[in-house]
Amino acid sequence: MIKMEKNIIRQQKTVVPVDFIFQKISGFFEKFGLFSCFMLALWSTISTAGGSISMGILFACFLLSGNWREKIRLLKHPIIIMVFAFVFWELVGVLYSYGSWSEAFSAALRYNRLLTIWCVVYFIHGDVKKFYWMVSALALGILINLVSIYLNYYILSQSYAIKFIGGASWPSAQGHGTFAYFTLVFGFSCLITSRLKEIKIQWRYVALALGALAMIAEIFLNSSRSGYVMELSILICLLFQARKLWSIIGMVAFILALFGGAYLFSPTFKERIDEGVHHVVAYTEGHSNITSVGLRLNFYVTTANILIERPSKLVIGYGTGSYEAVTKSYYADKKNKNPNFEYQSFSNPHNQYLTYLFENGIIGLMLFLGFLYTVWRYAQTLPRFWYSVAWVSLVGISVNMLFNSSFMDFSSIFFVFLVGVLASYHPRSRFGDLSLWQRPIYSKEARITKNG
């Protein structure tokens, strides 16, 4: 009996320290994972390298922090379910890809960033304080970009301009398309804030000023044609939300004045619009397809022709990462080539929807659209302000993907991280909570906010 008690005591002495050490290690990775979330929020708008490192650390902390019971429970979240369904189909596409194994795997692994949503939801998990820390980090990164574009345009010469990436498009310190996206989200969010009566009047003025500066930077200084269309699309969405005749007339007048004024008074805006029109004319008349617009039109036509020739591929596509290999073969066999055109393959058609239809078929495209739709439905369960931020972000990225395969690039991490942060607001949501086939209804908290 005495020996048994001694053995039990020995077992307790060995088990307790190991369990204690495990808890300490798990707690450390919990805290470091939250810090890596903050750093990813900051770097996502500034540095691709910094963002990649932060994302890698975030994944590592997620795997090493333990508490897998809670992580698995979060798999019931509708957005996370759609993420896994889409990523799974991308991996299936590797098995029948027309491209090389390396190309297929490389294309599939680009979508691992979607798993960031799962990580972010776990580390924030509905904690309001953590939620606002992450939103603040995103806003700080955008503010740094805003300051940079004004400094580059008005003060610094192009040779000494601030650049966050090697391919920065002056005066932006980022690529102009990336800058256009997160600036629009930030600008409209600030303008929405300036109308909230529950916020002190001085802060509403600050928000109004920041929103105006962001919009001016996007329309008058930035050179992204995709950004101009994104801006117009969001304004049209607001126009359809207007219920009174005078509001509709005022919105139409504002849209005409904004873009008309930009064309008359912004050399950058006028140059980009005139250039785009010239590129379309050059392509349609058969003179050139090597311009930015000409390349896109050529890829769109090529993608459509390939799919028409083999309509059986519409169901499952040619496989993940196969676009370059298939188009290269198509151009090699193409007859009656235009002597003014260049027939070179490219890794994607500069349209994200066509990319998914071509490589992953109708199934892949529907899964991706299902993911976007689920984000929209989930947004309607949020308070009115965050619902507005979500739909502006969703419209922006959806329009951007009409002209760019932006979801394949690291620039999509801003959207992915923002979705993760918003998804953490109600981390235990289920599909049944979204009322997917009913009329959109704000949550109780949202209705209270709406009614003041």
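Would you point out which residue out of N305, N298 is part of a helix (DSSP H, G or I), polar (S, T, N, Q) and free of Cβ contacts under 8 Å to residues at least 40 places away in the same chain?
Sole residue among the options that is part of a helix (DSSP H, G or I), polar (S, T, N, Q) and free of Cβ contacts under 8 Å to residues at least 40 places away in the same chain: N305.
Table: residues versus (1) touching a Cys at 6+ places or on another chain (Cβ under 7 Å); (2) at pLDDT 90 or above; (3) not assigned by TED's automatic domain parsing to the domain that holds Y154.
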site: L232; (1), (2), (3): no, yes, no
site: L235; (1), (2), (3): no, yes, no
site: M251; (1), (2), (3): no, no, yes
site: G261; (1), (2), (3): no, yes, yes
site: T268; (1), (2), (3): no, yes, yes
site: H278; (1), (2), (3): no, yes, yes
site: V281; (1), (2), (3): no, yes, yes
site: S288; (1), (2), (3): no, no, yes
site: S292; (1), (2), (3): no, no, yes
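Is it true that some residue in segment 419-437 is in contact with a Cys (Cβ under 9 Å, 6 or more places away or on another chain) and either at pLDDT 85 or above or not assigned by TED's automatic domain parsing to the domain that holds F371 (or both)?
yes
Exactly one condition in (1) hydroxyl-bearing (S, T, Y); (2) under 23 Å from S398 (Cα atoms); (3) in a helix (DSSP H, G or I) is not met by S223; state its number.
The single condition S223 does not satisfy is (3).
I'm trying to understand the selection: among the residues of segment 337-372, which are more than 16 Å from the chain's Cα centre (by Cα), surrounded by fewer than 16 Cβ atoms within 10 Å (Cβ to Cβ) and without any contact (Cβ under 8 Å) to a residue 24 or more places away in the chain?
The answer is K337, P339, Y343, Q344.
Can you find a residue that is part of a loop (DSSP other than H, G, I, E, B), of a type in the set (A, V, I, L, M, F, W, C) and over 22 Å from Y153 (Cβ atoms) anywhere in segment 192-209?
Yes: segment 192-209 contains one or more residues that are part of a loop (DSSP other than H, G, I, E, B), of a type in the set (A, V, I, L, M, F, W, C) and over 22 Å from Y153 (Cβ atoms).
Could you please find all residues in segment 147-189 being in contact (Cβ under 8 Å) with a residue 12 or more places away in the chain, over 19 Å from the mean Cα position of the chain (by Cα) and not in a loop (DSSP other than H, G, I, E, B)?
If the condition is that a residue be in contact (Cβ under 8 Å) with a residue 12 or more places away in the chain, over 19 Å from the mean Cα position of the chain (by Cα) and not in a loop (DSSP other than H, G, I, E, B), then S148, I149, Y150, N152, Y153, Q158 are the ones that fit.
Output the residues belonging to segment 301-320 that are closer than 29 Å to G276 by Cα and surrounded by 15 or more Cβ atoms within 10 Å (Cβ to Cβ).
Result: T302, T303, I306, L307.
Run H278 past the list (1) in a loop (DSSP other than H, G, I, E, B); (2) surrounded by fewer than 20 Cβ atoms within 10 Å (Cβ to Cβ) and report the number of the one that doesn't hold.
(1)
In segment 85-111, which residues are aromatic (F, W, Y), in contact (Cβ under 8 Å) with a residue 12 or more places away in the chain and over 23 Å from S329 (Cα atoms)?
Answer for segment 85-111, where residues must be aromatic (F, W, Y), in contact (Cβ under 8 Å) with a residue 12 or more places away in the chain and over 23 Å from S329 (Cα atoms): F86, W89, Y111.
Here's the yes/no breakdown for (1) within 25 Å of Y111 (Cα to Cα); (2) at pLDDT below 90:
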residue: N336; (1), (2): no, yes
residue: L357; (1), (2): yes, no
residue: G361; (1), (2): yes, no
residue: Q380; (1), (2): no, no
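The values are calculated or read from the model by the stated rules, or taken from the named source; none is laboratory data. Because the structure is a prediction, the values reported are computed rather than measured. For neighbour counting, all protein chains shown are included, and Cβ atoms are generated from backbone atoms with ideal geometry for every residue, glycine included.
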